[in-house]
Structure formats: structure tokens, C-alpha cells
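Report on one structure; see the data block that follows.
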Amino acid sequence: MIVVALVVFCASRSLFQGLLLTLEHHIPCLLGALRAASMGNSCVCRDDSGAEDNVESRSWQTENSRVHAPEARSHPRDPVRPPRRGRGPHEPRRKKQNVDGLVLDTLAVIRTLVDNDQEPPYSMITLHEMAETDEGWLEVVQSLIRVIPLEDPLGPAVITLLLDECPLPTKDALQRLTEILNLSGAAAFQDACHPARHRNTTAVLGCLAEKLAGPASIGLLSPGILEYLLQSLNFQSHPTVMLFALIALEKFAQTKRNSKDLVLSNAFWVNLSKRPCWALAGLWKANVILKEGRQFTYEKVDLTNIRAMLNSNDVSEYLKISPHGLEARCDASSFESVRCTFCVDSGVWYYEVTVITSGVMQIGWATRDSKFLNHEGYGIGDDEYSCAYDGCRQLIWYNARSKPHSHPCWKEGDTIGFLLDLHEKQMIFYLNGNQLPAEKQVFSSAM
């Protein structure tokens with residue numbers, strides 16, 4: 001029996017590119033699984049809203065984004081996070097290099113690391129070593145903010161991966177970072193035509209807020225930073241900046257004292273009508289910043305016309321599902337999955353997803369036997385019972401093996417189609433209506 005599986009790998013801890021996934025109301029029945037690696041990246045099924053304009057990728061990024069199919073692996077795969085290798089006892093510390101160059105080198109190579117057996121890139125190891133001191137940590141953080149381009153969908157993933165693997169900053173380092181950034185409401189309006197710095201700043205703040213939940217998070221959320229994040233939600237801000245500002249605020253709200261401060265700040269949801277922020281803002285207002293007497297959204301949402309949704313009773317622990325079951329978001333660096341509420345065993349089936357953020361996601365079909373183990377790294381495409389489409393790294397996954405496909409990298413607003421023909425025993429993937437050759441491997445295991 002074949003069931004629909006929708007699995008998304010997202011690269012980022014706090015969703016930094018907050019994962020949203022909305023299924024069409026007219027899909028008759030669907031069983032899906034969504035798997036995400038963090039902070040990362042979002043998708044929403046087709047609706048009538050227009051997609052935001054996208055900035056063309058730089059030429060160096062395009063040249064480094066080609067992915068080659070790796071050999072079969074004997075271990076589960078982390079689609080973004082490479083294993084960390086420390087120095088040996090007699091291995092000298094690497095010489096300090098240009099930090100900006102190391103960050104850009106890591107960004108260029110990270111999309112090719114699809115095997116757990118691969119060594120982490122030299123640039124990442126060097127950055128981790130540099131960050132072992134307060135001075136080095138500050139240099140790395142400032143470089144992440146300064147040089148990662150807005151148009152690279154793996155930018156927030158690199159921020160998360162590097163900060164996750166670096167030692168926790170000291171209280172003095174956090175204080176110095178606050179002074180260096182000098183954030184305020186006025187700073188949120190500066191360089192409006194160059195939003196990359198603001199996106200990276202809000203991504204860094206969100207990551208730190210989660211890592212330092214507790215007294216350190218309270219100390220980090222100074223009046224200036226709170227004003228900066230709230231003003232970043234202004235209608236003049238770039239939608240991606242608004243998205244990461246929302247996520248950063250949510251991470252700060254995990255600490256009770258910060259949450260109380262945010263309850264008193266009522267103006268931040270006034271101008272959140274832009275994609276990809278509007279859905280996240282609604283969830284934020286109803287379920288994160290709680291006010292006495294406010295009814296939870298899931299208690300009042302109308303599910304009458306929804307025939308298939310993401311299954312809140314069959315979901316891994318860190319995935320966030322919207323009250324109507326048509327959207328999901330991942331803020332964790334583990335590989336979160338969710339299945340839908342119906343299966344199919346005959347006929348021809350089709351569904352569509354519109355990506356709202358363009359990071360690492362894998363979406364496709366699976367049987368009930370497919371394994372979804374978030375901490376072990378299993379999801380769609382990692383066994384013989386599933387097949388997945390990855391539009392960020394331009395790969396098709398089956399049985400933990402990948403092969404390149406001919407579609408260009410997906411971008412915000414693209415529509416991805418998934419056709420399952422159980423009569424012909426084939427799966428076909430589409431990008432904006434352009435189809436790839438049929439995939440049939442999974443039918444050798446799934447009948």
C-alpha cells in the first residue's frame with residue numbers, strides 16, 4: 001500500500017526560516033510526512049496570494065551550488081550538519097585566517113555535505129576553533145552578520161550550524177556583542193535597501209535566545225534589542241527580515257520574564273500582512289503571547305471543509321502545526337516529520353506545495369513502513385519505502401542515495417507538484433508545471 005508522504009528537511013534551528021506547510025483544501029485524501037532540520041525554511045501549499053520578489057543569486061553562489069550524487073551510505077544522513085572533528089592531542093591549532101572568507105567558504109560547500117561519513121569542511125573546523133575565545137567568537141558572529149547574502153537559502157542554516165557548534169559565549173562576550181551591534185528601533189530602519197544584515201542579525205539573535213534560555217536570555221533582550229526586533233516588523237521591512245524577527249521574538253518568549261515584557265508590547269502585530277509572515281504572526285498572537293481570557297486558535301478554527309490535514313497525533317516532537325492542520329513549521333536542527341491523515345492504495349493522486357522559503361526540504365511519497373526518526377536522521381528518501389524531491393540542492397532521494405535532477409533550485413513562491421500513479425507504478429515530480437522523468441524505484445519494495 002502506498003501512502004502519501006510529505007517530508008521536509010529544513011536547515012535552521014529556530015525556523016529560522018520558520019517552516020510553514022499548507023495543503024490544498026481540495027486534496028481528497030493524503031497521508032504526509034514533513035521533516036525539517038531547523039530554523040529553517042518554510043513551505044505553504046498554493047493559495048491566491050502572490051509570492052514575494054526574489055533577489056537573483058550571485059554568480060559565485062551558482063557556480064558552487066552544483067551537487068554531485070554521493071555513493072550509497074551505510075549510516076543515516078544529516079542533510080546539512082556535518083560531523084564535528086576536534087583537533088587531535090598533538091595537532092597544532094590552525095592559523096588564524098580571514099574570517100569572512102572562511103564563512104563564505106563554509107556557505108559554498110555546505111550544500112554538498114550529504115553524507116555523515118564526510119569530513120566537515122576545513123573552513124568550519126577553523127571557525128569553531130577560532131570561537132573558543134571571546135575575541136574569536138565575536139569575530140565569527142560579526143562575520144556571519146556581515147557577509148552572508150540574503151539570497152542564499154542556506155545562509156540561516158550556516159548561522160545556526162556554526163553557532164550551535166561553537167562554545168557558549170560568556171557573559172562578557174554577550175555584553176560586548178550588544179555594545180558592538182548597538183541595536184535600537186532606529187537601527188531597524190537603517191540600510192532598508194540592504195536587508196541582508198538585518199536578516200542575519202535577527203537570525204543570530206534568535207539562535208542565541210534559544211541556546212541561552214533563562215537568565216542569559218533575559219540579559220540579552222535589552223530594551224534596545226527588543227525595540228529593534230519590534231521595529232523590524234514594520235511594514236517597510238523586507239518580509240524575510242520580518243519572519244526572522246518574529247522567530248527571534250518567539251525564542252526570547254520561551255523565557256517567562258521576556259514573555260511578560262512582550263505581552264506589554266502590543267504594536268508588533270499591526271503590520272504583519274506580508275508573506276511569509278502573516279500566518280506565523282497569527283499563530284504568534286494566538287498561541288505564544290498569551291493574554292488572560294484569549295481563546296486558543298485551535299479551539300475556534302472551522303475544520304468543516306478540510307478533508308486532509310497534517311496529523312497532530314503522528315508528528316515528531318519539535319514540529320509546530322497550525323490550528324487548522326494545513327501548515328507546519330520547524331525550528332529545530334533535528335529532522336522533524338509529520339504524516340497526513342489519510343492513505344491511498346489505488347488510482348492516481350496528486351498534491352501541490354508552494355515553497356515560501358527556499359531552504360533544504362525533502363518532499364515526496366512513502367509507505368507506512370518508511371521510518372521517520374528525527375534524532376537518528378531518518379526521513380523520507382532515507383529508506384527503500386520512500387522517495388523524495390529536494391529542490392534546494394537539486395536532488396532526488398531514494399534508499400539514502402541521491403542523484404541530481406535537472407530542475408533549477410527552487411525559490412520562494414515556486415509550486416512543487418507530486419503525482420503518484422499506482423496503476424503505472426510511478427512517481428512524477430513537477431516544478432512550476434515542468435516535470436521530471438518518472439521515478440519507479442520505491443515500487444520494488446512497496447506493493
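Closer than 19 Å to Leu220 by Cβ, touching a residue at least 60 places away in the same chain (Cβ under 8 Å) and buried (at least 20 other Cβ atoms within 10 Å of the Cβ), is that true of Pro169? Don't jump to the end; show me each part of the working.
Values: closer than 19 Å to Leu220 by Cβ: yes; touching a residue at least 60 places away in the same chain (Cβ under 8 Å): no; buried (at least 20 other Cβ atoms within 10 Å of the Cβ): yes.
The answer is no for Pro169.
Kindly provide the set of residues from region 134-166 that are among the acidic types (Asp, Glu) and open to solvent by 20 Å² or more (accessible area, probe 1.4 Å), ordered by number.
Of all residues in region 134-166, those among the acidic types (Asp, Glu) come to 134-135, 139, 151-152, 164-165.
Scanning region 134-166 gives Asp134, Glu135, Glu139, Glu151, Asp164, Glu165.
If you scan region 359-380, which residues turn out to be within 18 Å of the chain's Cα centre (by Cα) and open to solvent by less than 10 Å² (accessible area, probe 1.4 Å)?
Within region 359-380, Gly359, Val360, Met361, Gln362, Ile363, Gly364, Gly377, Gly379, Ile380 meet the criteria.
Table: residues versus (1) in contact with a strand residue (DSSP E or B) (Cβ under 9 Å, 6 or more places away or on another chain); (2) modelled with pLDDT of 95 or more; (3) over 19 Å from Ser316 (Cα atoms).
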| residue | (1), (2), (3) |
| --- | --- |
| Phe335 | yes, no, no |
| Thr357 | yes, no, yes |
| Thr367 | yes, no, no |
| His375 | yes, no, no |
| Trp397 | yes, no, yes |
| Trp410 | yes, no, yes |
| Ile416 | yes, yes, yes |
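How many of the residues making up region 409-447 are polar (S, T, N, Q) and outside any strand (DSSP E or B)?
So the count comes out to 4.
Could you count how many residues in region 98-151 are part of a helix (DSSP H, G or I) and over 19 Å from Gly359 (Cβ atoms)? Before the answer, list the steps.
Of the residues in region 98-151, the ones part of a helix (DSSP H, G or I) are 99-112, 122-130, 134-147.
Then drop every residue that is not over 19 Å from Gly359 (Cβ atoms), which leaves 99-102, 105, 122-123, 125-130, 134-143, 146.
Result for region 98-151: 24.
Which is of a type in the set (Gly, Ala, Ser), under 27 Å from Gly206 (Cα atoms) and touching a residue at least 40 places away in the same chain (Cβ under 8 Å), of Gly379, Gly347, Gly364?
Working: Gly347 fails: under 27 Å from Gly206 (Cα atoms); Gly364 fails: under 27 Å from Gly206 (Cα atoms).
The unique qualifying residue is Gly379.
The values are calculated or read from the model by the stated rules, or taken from the named source; none is laboratory data. Remember, predicted model here, so these are calculated numbers, not experimental data. No Cβ is skipped: glycine too gets one built from the backbone with ideal geometry, and neighbour counts run over all protein chains shown. Note: accessible area is taken over every heavy atom of the protein model, side chains too, but ligands, DNA and RNA are not part of it. Shrake-Rupley method; radii C 1.70, N 1.55, O 1.52, S 1.80 Å.
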